[in-house]
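Engineer: Handing you a structure now.
Just so it is clear, none of the values below were taken in a lab; they were calculated from the coordinates. Predicted, not measured: the structure shown is a model, and the values here were computed from it. Every residue, glycine as well, gets a Cβ built from its backbone with ideal geometry; the counts of neighbours run over all protein chains shown.
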Amino acid sequence: MPEWRSTTLGTVCHIEHGWPFKSLEYTDEAGYPIVTAIGNFDYSGGLRLHSSRINRYRGDYPSSFRLSPGDLLLVMTCQTEGGEILGIPGLVPDDAETYLHNQRIGRVVIDRPDEVDRDFLFQYARTSLFNRQLVLTATGSKILHTSPRRIESTVVRLPPLTEQRAIAEVLGALDDKLAANVRLMRAAHATAQLLASRTTTTVTLDAVAVTTRTMVDPVSLAADAVRLYSLPGFDAGGGPELVDPKTIKSGKFRITSPAVLVSKLNPRIPRIWEVPKVGDTSALASTEFVVLAPTSCSTALLWSLLAQPRFSDSLQSQVAGTSGSHQRVKSGDVLSAQIGDPATLPARVVAEIDAVVARAHAASAESQCLAATRDVLLPALMSGRLRVRDAERVMTEAL
């Protein structure tokens, strides 16, 4: 395609490094600016500030490291040797918050707006081509690091500016629908939690649920794929990962019936995951979870009860371990924790909880289809193999 040209990223923009904010100055107190961290990134691209831990900063810092709405950010450190999240992009939101530029994140400053569109660069940074270039030039063995100069040396193929904007608009429409679904799911879950808070008495968790501890060696399974519920998968904000069981290196719990998963690790970060149904594909859970099968209510209601702050606070009071990043509770402590008694909720409230959670599941299922469509369109559009008008036809069917 003669209209497309190859160049290095550094010819159209430069990358700025962040500031080493001191963790001793972090606070949860509202009103302070937010330090944008790698954990705030959605690993498929974008920021997930409403579903990740927020660190605010009460110390002094140079004003040049205060971010602006619309700033394009790139992840420059990956904790795994595969480097899967190097280069993942995010855009600073335009809201009432102030965001700060952390040292492990690069800020993209466009020097040639006549040659490159910011939203096109955001989509390009999601591609495996960009990630592979960063992984190949990264330093480190277990933890991989890239740098502004290495990012600037990556090769990018640029179509004319009008086509860049058209490509970004097509992919952005999918992102907008996905974001709308996230808001719907968040609202549905908040409603379910509010309704479940109306219980009038408490019971211990083991009065309404039992644990299942069926262990399985994934390698022994005669299946091409399994649904894996893992802590990284939960933190990434999506559903279970569909993986080849032979790539799983340790034993897992087998989920054979609808369940709710509660993480034993670091209960100050609530990780409570509903598994509303078990399909034909085997479902496995990390042993860091307690797998709970409800005995007297639906999984939707049990999730709504366990998502109450008092439950996580109760677990946090039982932690063992001195490291803030490796505190655990025992399965017995989870089962003995007090929760609202579902039997004290009126039937209409229970029905409403089931209904709003079902709406959240429907939105989640739609989002999985939309994300799959985006993942097909992204490399095809960014390489020029698929023209925008053809992608728009696919989009019409998906939306």
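Engineer: I need the calculated FRET efficiency for the pair A187 and K142, taking r as the beta carbon distance and R₀ as 45 Å, to the nearest 0.05. Don't jump to the answer; show the numbers that get you there.
Structural biologist: On the way: r = 40 Å, r/R0 = 0.89.
The computed FRET efficiency comes out at 0.65.
Engineer: Right, next: To make sure I understand, if each residue's beta carbon is the centre and we count other beta carbons within 10 Å, what order do W303, W4, W19, W273 fall in, fewest to most? Before the final figure, lay out each step's value.
Structural biologist: On the way: W303 27, W4 12, W19 16, W273 21.
In increasing order of surrounding Cβ atoms, one gets W4, W19, W273, W303.
Engineer: Which value, in Å to one decimal place, does the Kirkwood hydrodynamic radius take for segment 283-375 when every pair of different Cα atoms is included?
Structural biologist: Across segment 283-375, the inverse of the average 1/r is 15.8 Å.
Engineer: For S336, S64, S367, what ranking results if the residue with the fewest other Cβ atoms within 10 Å of its Cβ goes first?
Structural biologist: In order of increasing Cβ crowding within 10 Å: S64, S336, S367.
Engineer: Could you grab the Rg to Rh ratio for segment 5-158? Cα atoms only, Kirkwood for Rh.
Structural biologist: Numbers: Rg = 15.1 Å, Rh = 15.8 Å.
Over the Cα atoms of segment 5-158, Rg/Rh equals 0.96.
Engineer: Can you list the aspartates and glutamates whose alpha carbon sits under 18 Å from that of K264, skipping same-chain ones fewer than 8 residues off?
Structural biologist: Within the straight-line limit of under 18 Å, K264 reaches these aspartates and glutamates: D206, D235, E274, E288, D313, D333.
Engineer: Ok, one more. For the chain, set up a Gaussian network in which alpha carbons nearer than 10 Å are linked by springs, and say which option among A30, A293, A168 fluctuates the most.
Structural biologist: Top of the fluctuation ranking is A30.
Engineer: Students often forget the sequence filter, so: which lysines lie under 26 Å Cα-Cα from K177 once same-chain residues fewer than 8 apart are removed?
Structural biologist: Cross-link targets: K277.
Engineer: Give me the base-10 log of I(q)/I(0) for segment 31-112 at each q in 0.13, 0.21 Å⁻¹, Debye formula, one uniform scatterer per Cα, rounded to two decimals.
Structural biologist: -0.39, -0.99
Engineer: Taking the Cα centre of each part, how many Å lie between segment 123-173 and segment 267-310?
Structural biologist: For segment 123-173 versus segment 267-310, the Cα centre distance is 37 Å.
Engineer: While we're here: How many nm is it between the label spots at S257 and R132, if each spot is 7 Å from the Cα in line with the beta carbon?
Structural biologist: My value for the distance between the label points is 4.7 nm.
Engineer: Rg/Rh for segment 199-344 to two decimals, with Rh computed the Kirkwood way over all alpha-carbon pairs.
Structural biologist: Working: Rg = 15.2 Å, Rh = 15.6 Å.
So for segment 199-344, dividing Rg by the Kirkwood Rh gives 0.97.
Engineer: Return the calculated 222 nm mean residue ellipticity for the chain, to the nearest 500 deg cm²/dmol, obtained by summing -39500 (n - 2.57) across DSSP H runs with n ≥ 4 and dividing by the residue count. Present the calculation step by step, with values, prior to reporting the outcome.
Structural biologist: Values: 10 runs with 133 residues, N = 399.
Helix contribution divided over all residues of the chain: -10500 deg cm²/dmol.
Engineer: Stretched out fully, how many nm does the piece from A223 to S23 gain, at 0.36 nm a residue minus the Cα gap?
Structural biologist: Contour length minus the Cα-Cα distance gives 67.5 nm.
Engineer: Could you order the peptides 352-360, 304-312 from most to least packed, using the average number of other C-beta atoms within 10 Å per residue? Each step should come with its number before you reach the end.
Structural biologist: Numbers: 352-360: 18.7, 304-312: 21.1.
In decreasing order of mean packing, 352-360, 304-312 become 304-312, 352-360.
Engineer: Given R₀ = 56 Å, what would the calculated FRET efficiency be for A207 paired with D390, taking r from the Cβ atoms and rounding to 0.05? Intermediate values should be presented prior to the final figure.
Structural biologist: Values: r = 57 Å, r/R0 = 1.02.
The calculated FRET efficiency here is 0.45.
Engineer: Shifting gears a bit: Please report, to two decimal places, log10 I(q)/I(0) for the chain at q = 0.07, 0.08, 0.11, 0.12 Å⁻¹ as given by the Debye formula with identical point scatterers on the Cα atoms and no solvent.
Structural biologist: -0.37, -0.49, -0.92, -1.08
Engineer: On to the next question. For segment 128-237, what class follows from the C-alpha gyration tensor (a ≥ b ≥ c being the square roots of its eigenvalues): rounded when a/c is under 1.5, otherwise prolate if a/b is larger than b/c, else oblate?
Structural biologist: Numbers: a/c = 2.64, a/b = 1.57, b/c = 1.68.
Oblate, because a/c is 1.5 or more while a/b does not exceed b/c.
Engineer: What's the exposure ranking of L292, L174, going from fewest to most Cβ atoms within 10 Å?
Structural biologist: Numbers: L292 26, L174 22.
Lowest to highest Cβ neighbour count: L174, L292.
Engineer: Separate question: Under a straight-distance cross-link criterion of Cα-Cα below 18 Å, which aspartates and glutamates are reachable from K22, leaving out those fewer than 8 residues away in the same chain?
Structural biologist: In chain and number order, the partners are D60.
Engineer: If you average the sequence gap of Cα pairs under 8 Å that are 6 or more apart and divide by the length of segment 163-266, what percent do you get for the contact order?
Structural biologist: On the way: 62 pairs, mean separation 24.9, N = 104.
Once normalised by length, the contact order is 24 percent.
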